[in-house]
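What follows is a single structure, written as structure tokens, with notes after it.
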Amino acid sequence: MANEFKALKELATVSATVSELAGVNSVICSELDSADFRSEYDSLLQDVVNTYQVVIDIIEPLMALNDRSQFDSQFAELSSWYAQHYQKALSQPRINAEFTYEKYLQFRKRKEVATGYPLLKVCFPRLHDFIDKWIDNDIWLAMCIDTLLKMLNLQLHELQDVYRADKDEAWMLFCAGPGRCAPYLKMIEDNLSVIAQTGIRAEKAA
């Protein structure tokens with residue numbers, strides 16, 4: 001399986017998971033508005049939202065290279081920037097997962113989580129499955145991001161030699177590889193915007 005496809009497959013999974021979170025979140029926030037609940041709930045999701053923001057922050061600068069003039073003038077600089085920063089981005093999802101795990105131990109004890117109200121009776125199990133499988137026990141989200149960022153680094157490293165020899169060829173390969181990330185990043189950004197409308201926003205990195 002080509003590195004290009006591996007990266008896109010993992011990014012597509014990341015974008016699908018944030019869509020699931022946005023859908024569940026919209027129902028929970030529309031049905032439960034008490035300050036006490038929302039304070040604990042918002043804190044629970046904060047680290048998850050920040051994990052998705054990490055993906056945007058590390059990959060989005062590369063999308064400037066989808067313009068040919070930008071590619072010709074900035075590929076060397078941006079690929080070098082990515083190589084210097086992606087490893088730090090690899091660790092953040094696992095750190096965030098630890099925070100979420102500790103918070104969820106307390107959150108799941110709330111009486112609202114055990115409600116029999118039909119809408120919430122459907123959505124809280126979905127939230128549990130999301131946090132249990134993608135964030136906590138199996139940390140699938142962190143592993144997807146790990147593979148995604150490593151595959152992107154390999155692609156950019158391989159493209160550097162091509163870029164030095166033939167910019168036309170390098171441009172075509174970039175558009176057929178890393179450049180295909182743009183639609184999935186937009187999906188992540190759009191869903192984070194939907195989540196932010198309920199008051200849960202990504203925090204700026206220190």
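The values are calculated or read from the model by the stated rules, or taken from the named source; none is laboratory data. All of these numbers come straight from a predicted model, not from anything done at the bench. Quick reminder, even Gly has a Cβ in these numbers, built from the backbone with ideal geometry, and neighbours come from all protein chains shown. Note: areas computed on protein heavy atoms with side chains; ligands, DNA, RNA excluded. Shrake-Rupley method; radii C 1.70, N 1.55, O 1.52, S 1.80 Å.
Considering only residues that are open to solvent by less than 70 Å² (accessible area, probe 1.4 Å) and among the aliphatic types (A, V, I, L, M), which ones fall in segment 177-206?
Residues satisfying the conditions are 182, 185, 188, 192, 194, 195, 196, 200, 202.
For segment 144-174, how many residues are of a type in the set (Gly, Ala, Ser) and open to solvent by less than 30 Å² (accessible area, probe 1.4 Å)?
Residues that pass the stated criteria total 1.
Quick grid of which residues meet (1) without any contact (Cβ under 8 Å) to a residue 24 or more places away in the chain; (2) under 18 Å from the mean Cα position of the chain (by Cα):
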| site | (1), (2) |
| --- | --- |
| 98 | yes, yes |
| 114 | yes, no |
| 125 | yes, no |
| 129 | yes, yes |
| 154 | no, no |
| 157 | no, no |
| 171 | no, no |
| 175 | no, no |
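For segment 177-206, give me each residue that is modelled with pLDDT under 95 and within 21 Å of residue 12 (Cβ to Cβ).
202
Working carefully through the options 79, 91, find the one that is open to solvent by less than 30 Å² (accessible area, probe 1.4 Å), farther than 22 Å from residue 200 by Cβ and either among the small types (Gly, Ala, Ser) or touching a strand residue (DSSP E or B) at 6+ places or on another chain (Cβ under 8 Å) (or both).
The conditions single out 79.
Check every one of the helices (runs of 4 or more DSSP H) wholly within segment 84-180 and list those with 1 or more residues that are closer than 28 Å to residue 72 by Cα.
So the answer is 140-165, 167-175.
Considering only residues that are more than 9 Å from residue 93 (Cβ to Cβ) and in contact with a Leu (Cβ under 8 Å, 6 or more places away or on another chain), which ones fall in segment 38-51?
Once the filter is applied, which keeps residues that are more than 9 Å from residue 93 (Cβ to Cβ) and in contact with a Leu (Cβ under 8 Å, 6 or more places away or on another chain), segment 38-51 yields 38, 41, 45, 48, 49.
Mind listing whichever residues of segment 32-63 are at pLDDT 95 or above, acidic (Asp, Glu) and either open to solvent by 30 Å² or more (accessible area, probe 1.4 Å) or not in a helix (DSSP H, G or I) (or both)?
Result: 36, 40, 42, 57, 60.
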